[in-house]
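Undergrad: Just dropping this structure here.
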Amino acid sequence: MKAVVIEPGRPLQGRVEVPGDKSITHRAIMLGGLARGETLVRGYLPADDCLRTVAAIRALGRTIEDLESSNRPTLRIAGCASGSSILREPADVIDCGNSGTSLRLLTGLVAGFPMCTVLTGDASLRRRPMGRVVEPLRAMGAHIVGRDEGRLAPLTVVGQRLKGLDVRLPVASAQVKSAVLLAGLAAEGRTAVTEPAPSRDHTERMLRTFGVPLRVEGATVSLDGPAGLSAAEIEVPGDISSAAFLIAGALLQPKSDLMIERVGVNPTRTGFLDVLKRMGASVAIEGVREVSGEPIGTLTVRASALRGTTVRGDLVPRTIDEFPVLCVLAAFARGETIIEDAGELRVKESDRIHVMAEELGKLGIKVEERPAGMRIEGPQRATGARCSSHGDHRVAMALAVAALRASGPTTIDDVECVGTSFPGFFELLDRVRR
Ligand code: S3P
């Protein structure tokens with residue numbers, strides 16, 4: 001198990017870009033895999049999670065090439081021969097590794113194809129809830145079996161003729177919404193998904209880019225199946241969830257002044273920026289423009305004195321991946337920060353409520369754990385210590401940000417997992433520290 005040692009201090013300065021958006025990369029590869037014709041995905045994220053999706057779409061019969069010559073990592077997904085079926089039965093189990101997005105979206109994607117697909121993942125993914133995708137897909141006619149009556153992977157999907165359905169989701173989850181919409185592409189009739197609060201809408205935006213007409217009425221998104229996709233050229237923006245760690249580092253380190261360019265600023269993903277504004281952070285968004293149906297812009301972050309805030313309700317799904325680093329900011333902010341309605345954090349790559357409380361505790365930071373959130377009183381002092389990522393990439397990076405403000409060096413164990421979403425994170429962090 002690899003460990004890193006983070007020395008505290010030094011401001012974050014300069015201009016950087018962060019790697020491509022993980023959610024958008026997964027979707028571009030999957031929709032490219034379903035499309036007729038050749039799809040190009042520029043600036044994709046070549047991280048473990050997304051490479052699992054590349055391997056899966058290859059296993060389903062599509063040719064994907066990595067065009068290493070271009071200045072941004074680029075994938076070419078070849079068109080399938082005319083008259084041939086779009087996907088073929090995979091010869092082996094598809095291993096999604098740590099990637100919940102791969103496993104959940106692929107379950108929906110393959111459900112309407114006449115073939116048998118077995119999907120599994122690593123120990124963390126095999127503990128995460130799958131009933132939330134399996135139930136609505138079964139209601140559409142899918143035949144899926146798995147451990148614990150289909151609530152846990154491995155899942156075996158035996159393709160069936162699906163029928164469109166009106167699905168009401170009990171939790172706001174872009175993965176579940178997307179799995180149902182992808183199944184809806186192969187289903188007969190209208191598939192509609194209604195969410196309790198808006199989750200990221202990358203699937204909806206990208207389906208339009210691939211030529212699928214989609215209706216959005218209030219909290220309901222619907223499409224008519226069966227629907228064919230035409231190939232597209234996709235530019236992937238930088239991942240705001242990766243940028244979040246650099247933003248947090250810059251806010252906390254005195255004299256920081258950092259510019260992050262080409263970051264995705266889709267409003268269903270920018271809850272973190274809204275929370276930061278309330279905390280008194282200096283973060284400016286400039287030069288916003290649209291690329292492949294997604295807004296991107298430049299963020300300028302300056303060191304700021306922060307104050308505590310409350311995060312709850314609709315803001316939670318828009319901030320969902322940023323809570324580990326938000327806990328760190330809250331610990332150094334003046335006053336009380338309360339996070340509510342965030343029970344979903346317990347079923348991420350780790351139980352992020354428990355793990356953040358435990359690991360920040362090792363640095364001397366007190367976090368009060370609550371069933372669906374936490375309470376943090378600041379400002380607190382951090383001491384250098386030895387802590388662990390628990391195999392969760394965002395925990396590892398959040399701890400690295402906390403370590404910048406500790407009184408001595410911090411060792412973080414088990415940091416290979418950072419490669420699931422942000423390869424080169426520690427090197428980039430080192431490069432911007434002056
Ligand atoms: C994702 C959706 C979110 C998020 C995950 C990526 C996606 O999960 O936490 O990192 O790409 O659709 P849920 O849909 O389970 O909330």
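The values are calculated or read from the model by the stated rules, or taken from the named source; none is laboratory data. Small disclaimer: the values here were computed from a predicted structure and weren't measured. Methodologically, a virtual Cβ is constructed for each residue, glycine included, from the backbone with ideal geometry; neighbour enumeration extends over all protein chains shown.
Undergrad: Counting only residues that are touching a His at 6+ places or on another chain (Cβ under 8 Å) and buried (at least 18 other Cβ atoms within 10 Å of the Cβ), how many does region 328-357 have? Explain how you work it out, then say what you get.
TA: Within region 328-357, the first condition is being touching a His at 6+ places or on another chain (Cβ under 8 Å), and the residues that meet it are 346, 349-350, 355.
Applying the additional criterion that residues be buried (at least 18 other Cβ atoms within 10 Å of the Cβ) yields 349-350, 355.
Number of matching residues: 3.
Undergrad: So is E89 over 20 Å from A35 (Cβ atoms) and either free of Cβ contacts under 8 Å to residues at least 40 places away in the same chain or within 16 Å of the ligand (Cβ to nearest atom) (or both) or not? Steps first, answer last, please.
TA: On the way: over 20 Å from A35 (Cβ atoms): no; either free of Cβ contacts under 8 Å to residues at least 40 places away in the same chain or within 16 Å of the ligand (Cβ to nearest atom) (or both): yes.
So E89 does not fit the description; no.
Undergrad: Residue pairs, Cβ under 6 Å, 6 or more apart or interchain, first in region 190-216 and under 20 Å from P317 (Cβ atoms) and small (G, A, S), second outside any loop (DSSP other than H, G, I, E, B) and within 15 Å of the ligand (Cβ to nearest atom). List them.
TA: As it stands, the answer is A197/P317; S199/A174; S199/P317, since those pairs meet every condition given.
Undergrad: Sticking with this one: Within region 306-352, count every residue that is β-branched (V, I, T) and more than 14 Å from the ligand (Cβ to nearest atom). Steps first, answer last, please.
TA: Going residue by residue through region 306-352, those that are β-branched (V, I, T) are 309-311, 316, 319-320, 325, 328, 337-339, 347.
Add one more test, that the residue is more than 14 Å from the ligand (Cβ to nearest atom), and what stays is 309-311, 328, 337-339.
Of the residues in that region, 7 qualify.
Undergrad: Starting from region 393-410, keep only residues that are at positive phi and surrounded by fewer than 24 Cβ atoms within 10 Å (Cβ to Cβ), then list their pairs with residues that are at pLDDT 95 or above and aliphatic (A, V, I, L, M) whose Cβ atoms are within a distance under 9 Å, requiring at least 6 positions of separation or different chains.
TA: Qualifying pairs under 9 Å: none.
Undergrad: Just to be sure, is S102 within 16 Å of the ligand (Cβ to nearest atom), polar (S, T, N, Q) and either within 12 Å of I57 (Cα to Cα) or touching a Pro at 6+ places or on another chain (Cβ under 8 Å) (or both)? First the steps, then the outcome.
TA: On the way: within 16 Å of the ligand (Cβ to nearest atom): yes; polar (S, T, N, Q): yes; either within 12 Å of I57 (Cα to Cα) or touching a Pro at 6+ places or on another chain (Cβ under 8 Å) (or both): yes.
So S102 passes the test.
Undergrad: Oh, and also: Within region 286-300, restricting attention to residues that are without any contact (Cβ under 8 Å) to a residue 60 or more places away in the chain and surrounded by 15 or more Cβ atoms within 10 Å (Cβ to Cβ), which residue is nearest to P198 (Cα to Cα)?
TA: From region 286-300, those without any contact (Cβ under 8 Å) to a residue 60 or more places away in the chain are 286-291, 295-300; that's our starting set.
Then drop every residue that is not surrounded by 15 or more Cβ atoms within 10 Å (Cβ to Cβ), which leaves 291, 295-300.
On the way: V291: 22, P295: 17, I296: 20, G297: 22, T298: 24, L299: 24, T300: 27 Å.
The residue in question is P295.
Undergrad: Tell me the residue from A153, A142, A186, A174 that is among the aliphatic types (A, V, I, L, M) and touching a Phe, Trp or Tyr at 6+ places or on another chain (Cβ under 8 Å), please. Please lay out each step first, then the result.
TA: Values: A153 fails: touching a Phe, Trp or Tyr at 6+ places or on another chain (Cβ under 8 Å); A142 fails: touching a Phe, Trp or Tyr at 6+ places or on another chain (Cβ under 8 Å); A174 fails: touching a Phe, Trp or Tyr at 6+ places or on another chain (Cβ under 8 Å).
Result: A186 is the single residue among A153, A142, A186, A174 that is among the aliphatic types (A, V, I, L, M) and touching a Phe, Trp or Tyr at 6+ places or on another chain (Cβ under 8 Å).
Undergrad: So P198 passes all but one of these: (1) assigned to a helix (DSSP H, G or I); (2) within 30 Å of A331 (Cβ to Cβ); (3) not aliphatic (A, V, I, L, M). Which condition number does it fail?
TA: Every condition holds for P198 apart from (1).
Undergrad: Also, I was wondering about something else. Of the conditions (1) under 30 Å from R15 (Cβ atoms); (2) part of a helix (DSSP H, G or I), P423 clears all except one; give me its number.
TA: (2)
Undergrad: Now, a different point. For region 92-186, list the helices (runs of 4 or more DSSP H) that sit wholly inside it and hold at least 2 residues that are crowded, with 18+ Cβ neighbours inside 10 Å; which are they? It would help to see each step written out before you state the result.
TA: Values: elements: 100-110, 131-139, 147-150, 174-186.
Ranges flagged: 100-110, 131-139, 174-186.
Undergrad: Please verify whether R289 is under 19 Å from the mean Cα position of the chain (by Cα) and more than 25 Å from R381 (Cβ to Cβ), treating the condition exactly as stated. Spell out how you get there, then give the answer.
TA: Values: under 19 Å from the mean Cα position of the chain (by Cα): no; more than 25 Å from R381 (Cβ to Cβ): yes.
Criteria not met by R289.
Undergrad: Enumerate the pairs (first residue in region 423-434 and on the phi > 0 side of the Ramachandran plot; second residue anywhere and part of a helix (DSSP H, G or I) and modelled with pLDDT of 95 or more) with beta-carbon separation below 8 Å, excluding pairs fewer than 6 apart on the same chain, so at least 6 apart or on different chains.
TA: none
Undergrad: For R200, which of the numbered conditions (1) among the charged types (D, E, K, R); (2) under 30 Å from S389 (Cα atoms); (3) within 16 Å of the ligand (Cβ to nearest atom); (4) surrounded by fewer than 23 Cβ atoms within 10 Å (Cβ to Cβ) fails to hold?
TA: (4)
Undergrad: Separate question: For region 364-393, how many residues meet the condition of being within 30 Å of G121 (Cβ to Cβ) and of a type in the set (A, V, I, L, M, F, W, C)? Reasoning before the result, please.
TA: The initial filter retains those residues of region 364-393 that are within 30 Å of G121 (Cβ to Cβ), namely 367, 369-374, 386-393.
Imposing the further condition that a residue be of a type in the set (A, V, I, L, M, F, W, C) reduces the set to 367, 372, 374, 387.
Within region 364-393, residues that are within 30 Å of G121 (Cβ to Cβ) and of a type in the set (A, V, I, L, M, F, W, C) number 4.
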